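Okay, structure first, notes after.
The values are calculated or read from the model by the stated rules, or taken from the named source; none is laboratory data. Treat the numbers as computed from the prediction; the structure is a model and nothing was measured. Heads up, the Cβs are rebuilt from the backbone with ideal geometry, glycines too, and the neighbour counts pull from every protein chain shown. The protein model used for the area step is the full one, side chains on, heavy atoms only, and it has no ligands, DNA or RNA in it. Shrake-Rupley method; radii C 1.70, N 1.55, O 1.52, S 1.80 Å.
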Amino acid sequence: MRLTKYFLPVLRENPAEAQIVSHRLMLRAGMIRQAAAGIYSWLPLGYKVLRRLERIVHEEQQRAGHIPLLMPTLQSADLWRESGRFDDYGAEMLRIKDRHERDMLYGPTNEELITDIFRSAVGSYKDLPLTLYHIQWKFRDEMRPRFGVMRGREFLMKDGYNFDLTVEDALHAYDRHMVTYIRTYERMGLKAIPMRADGGPIGGDHTHEFLVLAPTGESAVFYDRAVTDLTLGDREVDFADREQVAEIVKTWTAPYARTDERHDPEAFAEVPEDRRIEGRGIEVGQIFFFGTKYSEPMKAVVVNEQGERVPVQMGSHGIGVSRLVGALIEANHDDRGIIWPEGVTPFHVGIVNLKQGDGAVDGACEGVYKALTGAGLDPLYDDREERAGAKFATMDLIGLPWRITVGPRGLANGKVELTSRRSGESEEMSPEAAVDRIKAIYAGL
């Protein structure tokens, strides 16, 4: 993409309404614009990041055998009355009436709707296990929406739902989701720690939430440093192998890791002193097992091998996709702007032309741009008639992980400059070598 053809409305000054880093930088980098309190338009740069996160979530869910679908944002209140949650959910639920005076709601979650879909189509244990998921906009009417996309009213969420015959089967689904989430966050360049949590309005006593470590996190967290050294990497996981999946979960949940709500000072004191860490975390996902909480009242039953009609065992699993954008920035920034991990960056590399209109510089930039796009990469070429300092400031603000700088002085020696946004280190090399380096960096992502 050429910057002269792109829509990137960056701001030079910090917006007065932004209280935290991610909100401030998303506004300044032209990623979002507020439409109403807690509701945002996603501008092209922010939308690209959102789509990259969605792609990773889809890939990891389907790797585990989970099946995507799409449910509507509006739901009938009748389903929520069946489960008993319509009156219990609270003021966060946006309740509305259609033109026929039928009670509707803007879905804050989808347990009732997915259970209705399941019960209308599945009646035998032979069709189990089954896990369905979607990525869809949700709405929760926060009393005081704040912190940009971190605590907004409208948000994009992946929510998945498993249906199993037995408790043991459902707990395997729970473990399976924990492993998919661990790899999902790793691919995004995040260290997200699973911590025992409360069920809240979703329900269930068996639940973990995933927290990204960040100084500006809303939750106080207490953890064993050993948990931050764990990584799945490229490890092959057979999601049908219950022992393998359970062993991974055991490894990740054995070290002490709790929020302040579940903190046990005596248990924490048993962690070696040099590994006891107190910090802050941002919740970016949660998994639940709640058994028959919805299947019993909504009569989602199957016939088992003995010919008995039994309610299915269920769980739900959420990832805050739009919230992750803010969490990524909170965990990856400096005083100049955002620093995107390679796995989620909106553009793979920035190309900066230091002397627009110079034939040699223009030609070299075009050559690098065409070589990168021809390799299937997505560069952002700053071809504006603008001073070098302004171009560098824009690249630093929007946070692309790599920058190729092309100027007449370097080209005289056949060189361009390749710079890492994270380390700030630069290296001179030929344009061809810079292209090969970028191609190698993204080859495994």
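List of remarks:
- Qualifying residue in the range 171-191 (condition: modelled with pLDDT under 95, under 28 Å from Ile339 (Cβ atoms), open to solvent by less than 40 Å² (accessible area, probe 1.4 Å) and β-branched (Val, Ile, Thr)): no
- Filter result (assigned to a loop (DSSP other than H, G, I, E, B) and of a type outside the set (Val, Ile, Thr)) within the range 216-240: Gly217, Glu218, Leu230, Leu232, Gly233, Asp234, Arg235, Glu236, Asp238, Phe239, Ala240
- Within the range 402-416, the set of residues being in contact with a strand residue (DSSP E or B) (Cβ under 7 Å, 6 or more places away or on another chain) and farther than 16 Å from Tyr369 by Cβ comprises Gly410, Lys415.
- Listed here are the strands (runs of 3 or more DSSP E) enclosed by the range 60-167 that have at least 2 residues being open to solvent by less than 70 Å² (accessible area, probe 1.4 Å), free of Cβ contacts under 8 Å to residues at least 40 places away in the same chain and touching a helix residue (DSSP H, G or I) at 6+ places or on another chain (Cβ under 8 Å): 103-106.
- Listing of strands (runs of 3 or more DSSP E) fully contained in the range 285-331 that carry 2 or more residues being of a type in the set (Val, Ile, Thr) and under 14 Å from Lys158 (Cα atoms): none
- His348 being more than 27 Å from Arg151 (Cα to Cα) and under 34 Å from the mean Cα position of the chain (by Cα): yes
- Some residue of the range 418-426 being part of a loop (DSSP other than H, G, I, E, B) and touching a residue at least 12 places away in the same chain (Cβ under 8 Å): yes
- Of the candidates Glu261, Glu209, the single residue that is in contact (Cβ under 8 Å) with a residue 40 or more places away in the chain, under 26 Å from Ser322 (Cβ atoms), assigned to a loop (DSSP other than H, G, I, E, B) and not hydrophobic (A, V, I, L, M, F, W, C) is Glu261.
- Matching residues in the range 206-229 - criterion: being among the hydrophobic types (A, V, I, L, M, F, W, C) and surrounded by fewer than 17 Cβ atoms within 10 Å (Cβ to Cβ): Ala220, Ala226
- Any hit, the range 241-256, residues being farther than 30 Å from Arg28 by Cα, part of a strand (DSSP E or B) and in contact with a helix residue (DSSP H, G or I) (Cβ under 8 Å, 6 or more places away or on another chain): no
- Checked against (1) hydrophobic (A, V, I, L, M, F, W, C); (2) surrounded by 13 or more Cβ atoms within 10 Å (Cβ to Cβ); (3) at pLDDT below 95, Leu53 meets all criteria but (3).
- Pairs where the first residue, in the range 379-397, is under 15 Å from Ala29 (Cβ atoms) and the second is among the hydroxyl-bearing types (Ser, Thr, Tyr) and buried (at least 19 other Cβ atoms within 10 Å of the Cβ), C-beta under 8 Å, 6+ apart: Asp382/Thr394
- Looking across the range 412-432, just one residue is among the aliphatic types (A, V, I, L, M) and open to solvent by 40 Å² or more (accessible area, probe 1.4 Å), and that is Ala412.
- Restricting Glu366, Glu342, Glu385 to those that are among the charged types (D, E, K, R), modelled with pLDDT under 95, farther than 22 Å from Thr216 by Cα and not in a strand (DSSP E or B) reduces the list to Glu385.
- Residue list for the range 434-444, restricted to those being surrounded by 14 or more Cβ atoms within 10 Å (Cβ to Cβ) and touching an Asp or Glu at 6+ places or on another chain (Cβ under 9 Å): Ala434, Arg437, Ile441, Tyr442
- Scope the range 375-406; condition surrounded by fewer than 19 Cβ atoms within 10 Å (Cβ to Cβ) and among the small types (Gly, Ala, Ser); matching residues: Ala375, Gly376, Ala388, Gly389, Ala390, Ala393
- Positions within the range 264-276 being under 25 Å from Asn332 (Cα atoms) and surrounded by 17 or more Cβ atoms within 10 Å (Cβ to Cβ), in sequence order: none
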